[in-house]
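The values are calculated or read from the model by the stated rules, or taken from the named source; none is laboratory data. Values in this document were obtained by computation on a predicted structure and should not be read as measured data. FYI the Cβ positions are ideal-geometry reconstructions off the backbone, even for glycines, and counts take in every protein chain you see.
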């Protein structure tokens, strides 16, 4: 599973010796460029490498048509892609059985709600969503970008791991998620101000610090 697909993702995968054929599915949280602009290039690279195995792309159902339009602008059509490409629009909150022991659901958040006040684009196109995965009863929340800690705190599910961004909310607010869910780990990513995050992490109480991981490019985490 590849979650979000910003610019340069193909190069990043190659640098880490991850074969493109190892990716069966791509999950897109929203259409900001740093989360989706690398998708046409990734699909083109898969074509050039002679991929034949299917690829599924999952995203909120409101974005399904727009994604096809984006790919078509890059001259990527179903008819000229040599592997089965399916864009799967997912109803928010609906559980999708991915494979035995693995399921997920799409969780809409407030990141893009009423953000641009553009009248000629339907309001329902301004969608940002995270994904809650269940892997053999281990729950992993990928928040994507959020505007408010309430986007996490509103969930009633058990959360074993939380992968959350730190570009749009103060990192100290993540302590509220730690108190509510008591997860095994909270992994902080999408970092804009590294000095700010480093200072916050350094000042965490030692009893709490072990539950947080500040992510960096190329990091691998064994669950």
Kindly evaluate residue 135 against the criterion of being in contact with a strand residue (DSSP E or B) (Cβ under 7 Å, 6 or more places away or on another chain) and surrounded by fewer than 21 Cβ atoms within 10 Å (Cβ to Cβ). yes
For region 53-69, does any single residue satisfy the condition of being out of contact with any strand residue (DSSP E or B) (no Cβ under 8 Å at 6 or more places or on another chain), closer than 20 Å to residue 12 by Cβ and either at pLDDT 95 or above or surrounded by 15 or more Cβ atoms within 10 Å (Cβ to Cβ) (or both)? no
I want to confirm something. Restricting to region 172-223 and keeping residues that are part of a loop (DSSP other than H, G, I, E, B) and surrounded by 13 or more Cβ atoms within 10 Å (Cβ to Cβ), which single residue is nearest to the chain's Cα centre (by Cα)? 190
Region 32-41: number of residues that are over 19 Å from residue 105 (Cβ atoms) and buried (at least 19 other Cβ atoms within 10 Å of the Cβ): 3
Can you name every one of the helices (runs of 4 or more DSSP H) wholly within region 1-103 that holds 1 or more residues which are without any contact (Cβ under 8 Å) to a residue 40 or more places away in the chain and under 21 Å from residue 165 (Cα atoms)? 9-15, 33-36, 39-48
I'd like to verify a number: residues in region 95-121 that are in contact with a strand residue (DSSP E or B) (Cβ under 7 Å, 6 or more places away or on another chain) and either crowded, with 16+ Cβ neighbours inside 10 Å or not assigned by TED's automatic domain parsing to the domain that holds residue 151 (or both), how many? 7
